[in-house]
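The values are calculated or read from the model by the stated rules, or taken from the named source; none is laboratory data. Predicted, not measured: the structure shown is a model, and the values here were computed from it. Note: ideal-geometry Cβ built from the backbone for every residue, glycine included; neighbour counts use all protein chains shown.
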């Protein structure tokens, strides 16, 4: 099993003046510890599960570009981009840019979007959910067309592109891996089976059922279930001195038994760096053997 480090909070003791240096320490420590990937949310306000909306939040692709310059190995992605926040052609270009400047380490994490409050607050598009899923599928098609090298027009219900030129192309071949976040059984997991290389679900009591649903969608789409990387959002807490390492390894073992490939999530106290180092020295070696 691999681990991903999800940076979802930018509220550190030094405030905005030290935010860049604090984030630098976290990202460098995460790569040195052996994390497989580092992600950020695609939000412009903090989400309520993490804190009040007034807390600091960075625009994700700018932040990922900063992280790319600080690292050389970890994969970089959003967990996950709200499909309606950017036009598809621009989104494909942004992920391509990240991939080129990181020398082939970008992923496209994407979902149907859910945060109506921030969308209304900053005049971001937020159509009804059925339309958001239609736009999600068209966006996936557009990204794949742009990464294929085709410059043909794209005519969809919601998006019309006259020329899908993408230069330079991504370094990653055949394209940056697509991760679709969400556990919706009728639409989201069907789109995973149809288009994605990776899915992201929540580590909870319904996880085994969601994986079974994905397996059925793969059968319907003629897709090999085994080739899809299964990831979960998982809040990890190893304790300030490693007192919860054994419990963490046990929890990761249970996820691995279900077929999870990557446990990807927030780490309690990560800005203090010591928990990241504990994960690197004690948790990651155990996880690699699961």
Within region 9-45, residues in a loop (DSSP other than H, G, I, E, B), closer than 22 Å to residue 199 by Cβ and either at pLDDT below 95 or touching a helix residue (DSSP H, G or I) at 6+ places or on another chain (Cβ under 8 Å) (or both) come out as 35, 41, 42, 43
Worksheet item: Being out of contact with any strand residue (DSSP E or B) (no Cβ under 9 Å at 6 or more places or on another chain), over 26 Å from residue 24 (Cα atoms) and not in a helix (DSSP H, G or I), is that true of even one residue in region 202-210?
Response: yes
Exercise. Determine if region 176-183 includes at least one residue that is touching a residue at least 24 places away in the same chain (Cβ under 8 Å), surrounded by 15 or more Cβ atoms within 10 Å (Cβ to Cβ) and over 24 Å from residue 90 (Cβ atoms).
Key: yes
For residue 257, the lone unmet condition from (1) under 21 Å from residue 107 (Cβ atoms); (2) loosely packed, with under 13 Cβ neighbours inside 10 Å; (3) modelled with pLDDT of 95 or more is (1)
Scanning region 235-257 residue by residue, the ones that are in a loop (DSSP other than H, G, I, E, B) and in contact with a strand residue (DSSP E or B) (Cβ under 8 Å, 6 or more places away or on another chain) total 3
Every listed condition ((1) in contact with a strand residue (DSSP E or B) (Cβ under 8 Å, 6 or more places away or on another chain); (2) surrounded by fewer than 19 Cβ atoms within 10 Å (Cβ to Cβ)) holds for residue 95 save (2)
Filter region 47-83 for residues that are in contact with a helix residue (DSSP H, G or I) (Cβ under 6 Å, 6 or more places away or on another chain) and assigned to a helix (DSSP H, G or I); the one that is nearest to residue 199 (Cα to Cα) is 83
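Which members of region 258-288 meet the condition of being assigned to a strand (DSSP E or B) and closer than 29 Å to residue 14 by Cα?
Selection gives 264, 265, 267.
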Filtering region 101-113 for residues that are within 14 Å of residue 200 (Cβ to Cβ) and in a loop (DSSP other than H, G, I, E, B) leaves a count of 2
* Can you find even one residue in region 140-149 that is under 19 Å from the mean Cα position of the chain (by Cα), surrounded by fewer than 19 Cβ atoms within 10 Å (Cβ to Cβ) and under 16 Å from residue 88 (Cα atoms)? -> yes
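If you take the residues of region 99-112 that are farther than 9 Å from residue 75 by Cα and surrounded by fewer than 24 Cβ atoms within 10 Å (Cβ to Cβ), which of them is nearest to the chain's Cα centre (by Cα)?
If we take residues in region 99-112 being farther than 9 Å from residue 75 by Cα and surrounded by fewer than 24 Cβ atoms within 10 Å (Cβ to Cβ), then 111 is nearest to the chain's Cα centre (by Cα).
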Among 84, 80, 100, the single one that is in contact (Cβ under 8 Å) with a residue 24 or more places away in the chain and in contact with a strand residue (DSSP E or B) (Cβ under 6 Å, 6 or more places away or on another chain) is 80
Of 277, 257, the only residue that is without any contact (Cβ under 8 Å) to a residue 12 or more places away in the chain and farther than 28 Å from residue 134 by Cβ is 257
